[in-house]
Amino acid sequence: MDFELEVILEAIPALLEGAKLTCLITVVGLIGGMIVGVLAGLARSAPSISLESENYGLRAAIAKTAGKLAGLFVETIRGTPIIVQAMFIYFAFPLIVRSMLGMPGFRFDALTAAIITIIINAGAYIAEIVRGAVLSIDKGLVEAGLSLGISRFCLYKNIVGPLAFRRMIPPLGNQFIISLKDTSLFIIIGVGELTRQGQEIMASNFRALEIWSTVAIIYLIMTSIMAYTLRRFEKRLKIL
Amino acid sequence: MKENMIEFKNVEKRFGNLTVLKDVNLTIENGEIVVIIGPSGSGKSTLLRCINALEMINGGELIIDGIHLPRERHRIKEIRLEAGMVFQQFNLFPHMTALENVMFGPLKARGKSKQEAQKIAEALMEKVGLADRGHHFPSQLSGGQQQRVVIARSLAVQPRMMLFDEPTSALDPELIEEVLVVMQKIAEEGMTMVVVTHEIEFAKKVGTRLLFMDEGIIIEDGKPVDLLTSPKSDRLKKFLRHVV
């Protein structure tokens, strides 16, 4: 077995270009995923931590419907493979837009499709993380807060939110790392991220050992930085 | 003329098929210290929780400080501002210091400035004997201290009445007294109080009125001494034999 360092040095600039794209998809995808996840997770958990004495009228009906819709979203995404989701968003969804909205030339570029896939996929899993964290909060604290005469918004902002957030950090870290690695699947829709770059270099020089070792190490560096940052952050917030 | 703070009119409360309050009629006037005793499952906690709308009644009418439930249920927040609640399990906010817990109500429910809230909170921490514990987190306080902070937190909203739901039941015996002392102090200042408790001595010493409940019904209602020394119903006689 021969292992040539030279091959790696030549490949690195292209691989780093790919890594940059991987980071972009991950960061934008996770920011969007957090927004989707927090909204869907709160919608799903709100009915179970609200007081029966306050569940009446239009607002309660809207909250219930939003919770059901969020549940449907989570179950759909959790129940389908991410590759199928990426294919659907890249190939199938534009067809729907073209015929239904009458925009014949409509299509996503691969990068946009990749980012949307991460937003939706991570969003569904983050929704469950948010829901779990919110449900783990002692209902007594909710009652104590409301008994002081504060609004529901104030309750979420000052009590439920901060306490749930602390409990979300470990599982969120997990999801962030999973989403970063999931970006490698976008090789199938032709996004030039890290795995795709590796694949292309490999196809031209056939140096599988050198290229895939390097690709693996670059992923490991990225996930390690993520894990380390999260651990630092976790230490600064006391978990209660 | 004394004004009515709390008025139950034929109130009914159900949890599923279980009726917890049956046709309850009760009027509590400003300044009364009402102690409620009764076996577990008698509906005494539920009665208390209905007052500050943590539970909504299913039948009859409940008038708290002029607000009619369930008709004016959109005004629940106003009721809660006037009815402070102390829980058996304390329920201090674990991510805030004792002082921040007490400042929370004035800041968020009453819209006071930070300075005002701090002034109110410091005075109340002093009152419950914890002036030097303001910067401790709940987990660093004993049960008795936590419950005194809870009392201060409720008082900080400046309510017109205080509701206590078994405030000493989760405490070690040696910590009960310090909480009861604080409660007595508040009672002496003329606060309207409704206290669900098993502390018969407290009822005798501080209460102006004693209610005995069983199976969702107020069985006896009168002066604490009268009820405790000469109970009329067999159920209260039996209950007192077990408790005292």
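Just so you know, all these numbers are worked out from the coordinates, no wet-lab data involved. Values in this document were obtained by computation on a predicted structure and should not be read as measured data. Here the Cβ is made from the backbone with ideal geometry for all residues, glycine too, and neighbour counts use every protein chain on show.
Here are the numbers for this structure:
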| item | result |
| --- | --- |
| Sum of -39500 (n - 2.57) over DSSP H runs of 4+, divided by residues of the protein assembly as shown (222 nm, nearest 500) | -18500 deg cm²/dmol |
| Positive-end residue, segment A:46-188 charge dipole about Cα centroid, Cβ charges, pick of A:151, A:112, A:175 | A:112 |
| Shape category assigned to segment B:144-235 from the gyration tensor of Cα positions, a/c cut at 1.5 | prolate |
| Nearby aspartates and glutamates by direct alpha-carbon distance to residue B:108 (threshold 16 angstrom, same-chain neighbours under 8 apart not counted) | A:143, B:78, B:82, B:100, B:116 |
| Span from the segment B:156-228 Cα centroid across to the segment B:18-50 one, whole angstrom | 12 |
| Share, in percent, of DSSP beta bridges within the protein assembly as shown that are antiparallel, nearest 5 | 55 |
| Sorted peptide list for B:4-16, B:152-164, criterion being average Cβ within 10 angstrom, highest first | B:152-164, B:4-16 |
| Three-way shape call for segment B:4-243 based on the alpha-carbon gyration tensor, with the a/c threshold at 1.5 | oblate |
| Neighbouring partner chain Cβ atoms per residue of A:132-141, average, 10 Å criterion | 2 |
| Cα gyration tensor shape of segment A:5-236, rounded if a/c is under 1.5, else prolate or oblate by comparing a/b with b/c | oblate |
| Dipole moment magnitude, nearest 20 debye, segment B:4-243 about Cα centre, only Lys, Arg, Asp, Glu C-beta charged | 480 |
| Kyte-Doolittle mean at least 1.6 and Cα axial length at least 15 Å: DSSP H helices in chain A | A:110-135 |
| Of A:139/B:9; B:204/B:237; A:64/B:77; B:205/B:237; B:112/B:205; A:139/B:114, pairs whose Cα-Cα distance is over 24 Å | A:139/B:9; B:112/B:205; A:139/B:114 |
| For residue B:85, residues with placed amide H under 5 Å, excluding near neighbours | B:163 |
| Reachable lysines, given that their alpha-carbon falls under 17 Å from the alpha-carbon of residue A:20 and they are not under 8 places away in the same chain | A:181 |
| Magnitude of the charge dipole, segment A:8-66, Cβ model with Lys/Arg +1 and Asp/Glu -1, debye to 20 | 220 |
| Ordering of A:118-129, A:149-160, A:64-75 by packing [mean C-beta count within 10 Å, highest first] | A:118-129, A:149-160, A:64-75 |
| Mean Kyte hydropathy of 0.0 or more with a Cα span along the axis of at least 18 Å, helices from DSSP in chain B | B:173-188 |
| Neighbourhood net charge (10 Å Cβ-Cβ; Lys/Arg +1, Asp/Glu -1) for residue B:23 | +1 |
